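Got a structure for you, written out below as structure tokens; questions coming shortly.
Every number here is computed from the coordinates shown, using simple stated rules; none is lab data. No experiment lies behind these values; they were computed from the predicted model shown. Glycine also receives a Cβ, built like all others from the backbone with ideal geometry; neighbour counts cover every protein chain displayed.
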Amino acid sequence: MDFQIALLLGQDGLTNGAIYALLALALVLVFAVTRVIFIPQGEFVAYGALTLATLQAGQLPATLWLILALGAAVAALDGAQALRHGAARKLPRILALNLAVPLALWFLLASTDLAGLPLVAQVLLALAVVVPLGPMIYRLAYQPIAEAPVLILLIVSVAVHVVLIGLGLLFFGAEGTRTPAFSEGTLELGATTLQYQTLWILAISAILIVALYAFFGRSIYGKALRATALNRTGARLMGISTTMAGKLSFTLAALIGAFSGILISPITTLYYDSGFLIGLKGFVGAIIGGLASYPVAAAGALLVGFLESYSSFYASAFKEVIVFTLIIPVLLWRSLTTHHSEEDE
Amino acid sequence: MSMRPVLLEAKDLSVSYGKVEALHKVGLTIREGEIVTVIGPNGAGKTTLLSCLMGLLPGRGEVSYVGRPLGNDFEVEERVGLGLTLVPEKRELFADMSVADNLLLGAFDRYRRGDRAYRETLAEVYGIFPRLRERAEQTAGTLSGGERQMLAMGRALMAKPKLLMLDEPSLGLAPLIIREIFRTVARLREMGVSVLLVEQNARAALQVADYGYVLETGEVSLEGPSAELANDPRVIEAYLGLGGKH
């Protein structure tokens with residue numbers, strides 16, 4: 001390997017690592033707040049990219065039907081619950097949020113020349129379609145069993161993952177797609193050339209990470225999420241609803257996932273099931289951080305990115321094996337250095 | 001005293017853990033601006049009573065709050081919005097967060113409802129507990145036991161409660177700190193906060209309270225104005241006798 005290739009691989013590793021880092025942060029967030037190991041995190045990557053591709057083809061994405069259906073289910077459940085508790089005053093908000101907003105979005109999408117929109121608008125619309133899936137999935141799949149043991153939540157995660165993969169095939173077909181780069185062209189930088197899209201990925205990942213840091217460090221809602229992660233009873237006693245915290249963390253996870261997919265789809269062909277592997281690599285990073293530490297998880301995810309790109313050069317057939325084998329020494333090291341406390345709170 | 005309007009009233013309140021009844025037909029009245037104490041031995045159901053009033057445990061019977069029924073369907077978070085707060089025995093602080101952030105989160109529900117006057121409340125809380133201001137940037141986990149109790153109370157006051165429920169605030173604290181905590185409880189009455197104080201330290205509790213209940217094996221065995229309770233031979237024998245600190 002000469003310097004040129006090393007640089008190229010490094011650039012590849014950094015780009016992928018940045019995406020894995022975003023996903024790792026989302027996984028740590030969701031686990032810390034809800035104790036859910038969010039296997040379907042990667043599906044948001046694929047859904048985000050493929051929804052954007054569908055919009056750019058000028059068609060209505062099938063994910064729109066999904067949020068209409070899930071929204072109706074959430075409205076029915078929440079509405080019935082509110083009526084049972086004699087809290088009819090909550091009905092207008094429930095209906096507006098879960099029925100009116102998706103319907104309005106449908107109307108907006110159906111009446112717009114989607115293919116002709118500028119990229120920024122298409123990206124925002126794709127996010128508007130995909131991100132609500134996060135809180136809706138939380139409401140339907142996890143909220144009813146929010147106090148269940150971690151293992152049961154994990155089993156539900158596997159189920160949600162399988163369902164979303166199946167729906168992905170149904171919605172988008174087996175063909176992969178790429179979306180156009182945010183800006184075309186390359187940048188000569190000394191010995192190496194960088195695609196502008198690579199720079200976009202690095203810059204936006206960095207901005208998102210800083211924004212998350214500011215959200216958790218400065219805003220009261222971010223602090224409330226941290227508080228829920230630290231002490232659920234204490235948080236409830238402050239009026240911080242565990243349901244609100246769960247939905248908020250799933251919203252952030254969905255946003256991060258979908259945005260990651262939109263970022264990488266100009267440089268990688270994404271299929272309906274590509275997200276799973278990408279999400280798992282983020283998960284390896286999250287495991288390195290013990291599903292608890294945000295900076296270590298992000299650093300671990302970067303390491304995964306580099307390891308993957310250099311091993312694809314030396315032993316490309318074993319690329320995935322090498323990346324996922326990383327988890328074994330990490331788990332060994334963690335089990336030896338951290339004293340294990342029995343599950344639950 | 002009894003002319004004051006009733007803030008919270010429980011009638012025939014029972015709570016069970018599975019088949020075991022921890023609280024049996026308890027009646028309790030708290031009036032506005034009053035300090036009410038519940039004393040009794042370990043395991044009498046005092047913490048269960050507070051948990052039920054806060055909505056952490058479902059109960060049977062009637063609870064009304066400012067004249068409206070407060071059923072089991074009122075979640076903890078909603079009760080906070082109605083002006084009920086609980087400082088639990090275990091404090092339940094956010095150990096890895098700073099003292100200032102812990103206090104800020106005490107006002108989370110007010111912030112959510114658009115009430116931005118919590119900054120003034122923060123100044124008041126710092127006025128009551130100057131120690132917390134000195135420790136504002138420290139993480140809650142590094143505080144001493146007394147400071148933790150102050151933080152737990154300060155955090156609860158940030159919600160501007162109508163009714164503050166304190167579960168064993170003196171537990172595990174040095175006598176000097178205990179005196180300070182009880183002095184603060186007495187001050188809360190002047191601020192218009194009603195207090196439901198659960199204590200094993202019966203002597204100190206009856207000194208500060210207006211009215212008291214004795215809870216034994218899940219039932220109210222005695223009740224009355226605290227001055228009377230403090231002179232009741234049964235209370236003296238069981239709770240105030242020599243070394244009767246329990």
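Determine, from the Cβ-Cβ distance of A:Thr325 and A:Ala76 and an R0 of 56 Å, the FRET efficiency 1/(1 + (r/R0)^6), rounded to the nearest 0.05.
Numbers: r = 46 Å, r/R0 = 0.82.
My answer for the efficiency is 0.75.
Can you figure out the FRET efficiency of B:Leu171 with A:Ala57, using R₀ = 60 Å and their beta-carbon distance, to the nearest 0.05?
E(calc), rounded to 0.05, equals 0.35.
Continuing with the same structure: Tell me, A:Trp200, A:Trp333 in order of fewest to most beta-carbon neighbours within 10 Å? Kindly include the intermediate steps, with their values, before the conclusion.
On the way: A:Trp200 17, A:Trp333 11.
With the fewest neighbours first, A:Trp200, A:Trp333 line up as A:Trp333, A:Trp200.
Which of the trypsin sites (Lys or Arg not before Pro) found in the stretch B:1-35 are loop residues per DSSP with 16 or fewer other Cβ atoms within 10 Å of their Cβ?
Qualifying residues, ordered by number: B:Lys19.
Give me the angle, in degrees from 0 to 90, between the Cα long axis of helix B:175-190 and the longest principal axis of the Cα atoms of chain B, rounded to the nearest 10.
Between helix and principal axis, roughly 90 degrees.
Per residue, how big is the convex hull around the C-alpha atoms of the protein assembly as shown? Give it to me in cubic angstrom, could you?
176
If you don't mind, another one. Once Lys and Arg get +1 and Asp and Glu get -1 on their Cβ, which of B:Ile178, B:Leu196, B:Pro233 lies farthest toward the positive end of the dipole of the stretch B:166-246?
B:Ile178
Please report B:Leu229, B:Leu49 as a ranked list, fewest other C-beta atoms within 10 angstrom at the top and most at the bottom.
Lowest to highest Cβ neighbour count: B:Leu229, B:Leu49.
Rank the residues B:Ser51, A:Ser316 as a footprinting-exposure proxy: fewest other Cβ atoms within 10 Å of their Cβ go first.
Details: B:Ser51 22, A:Ser316 9.
The most exposed by this proxy come first: A:Ser316, B:Ser51.
When the helices in the protein assembly as shown are scored as -39500 (n - 2.57) per DSSP H run of 4 or longer and the sum is shared across all residues, what 222 nm value do you end up with, to the nearest 500 deg cm²/dmol? Could you put the intermediate results ahead of the total?
Values: 26 runs with 329 residues, N = 591.
After summing the helix terms and dividing by the residues of the protein assembly as shown, the value is -17500 deg cm²/dmol.
Turning to a different aspect of this structure: Could you give the dipole magnitude of chain A about its Cα centre, charging the beta-carbon of Lys and Arg +1 and that of Asp and Glu -1, in debye to the nearest 20? Walk me through the intermediate numbers first.
Numbers: 16 positive and 16 negative charges, 256 e Å.
Roughly 1220 debye for chain A.
Hey, another quick one. Given R₀ = 45 Å, what would the calculated FRET efficiency be for B:Ile236 paired with B:Arg116, taking r from the Cβ atoms and rounding to 0.05?
Details: r = 50 Å, r/R0 = 1.11.
Step by step, r from the Cβ atoms, then E = 0.35.
For chain A, which DSSP H helices look membrane-span-like by this rule: Cα extent along the axis of 20 Å or more and mean Kyte-Doolittle of at least 0.0?
Helices meeting the span and hydropathy rule in chain A are A:3-34, A:41-56, A:63-84, A:150-172, A:196-218, A:242-264, A:274-288, A:294-314.
Same structure, new question: How large is the charge dipole for the protein assembly as shown, taken about the Cα centre, if only the Cβ atoms of Lys, Arg (+1) and Asp, Glu (-1) carry charge, to the nearest 20 debye?
Result for the protein assembly as shown is approximately 960 debye, rounded to the nearest 20.
With 22 Å as the limit, write out which pairs from B:Lys19/B:Lys90; A:Lys247/B:Lys160; B:Lys25/B:Lys162; B:Lys11/B:Lys46; B:Lys19/B:Lys46 have Cα-Cα distances beyond it, or answer none. Walk me through the numbers on the way to the answer.
On the way: B:Lys19/B:Lys90 26 Å; A:Lys247/B:Lys160 27 Å; B:Lys25/B:Lys162 25 Å; B:Lys11/B:Lys46 16 Å; B:Lys19/B:Lys46 18 Å.
Beyond 22 Å: B:Lys19/B:Lys90; A:Lys247/B:Lys160; B:Lys25/B:Lys162.
Okay, next question. By how many nm would the segment from A:Leu103 to A:Ala191 grow when fully extended, if each residue of separation counts as 0.36 nm and the alpha-carbon distance is taken off? Kindly include the intermediate steps, with their values, before the conclusion.
Details: separation 88, 0.36 × 88 = 31.68 nm, distance 5.18 nm.
Result for the pair: 26.5 nm of gain on full extension.
Which whole number gives the average count of other chain Cβ atoms within 10 Å of the Cβ atoms across peptide A:216-229?
Partner-chain Cβ atoms within 10 Å, mean over residues of A:216-229: 3.
In addition: How high is the relative contact order of the stretch B:93-160, given as a whole-number percent (alpha carbon pairs under 8 Å, six or more residues apart)? List each step's numbers first, then the result.
Working: 77 pairs, mean separation 37.6, N = 68.
Answer for the stretch B:93-160 is 55 percent.
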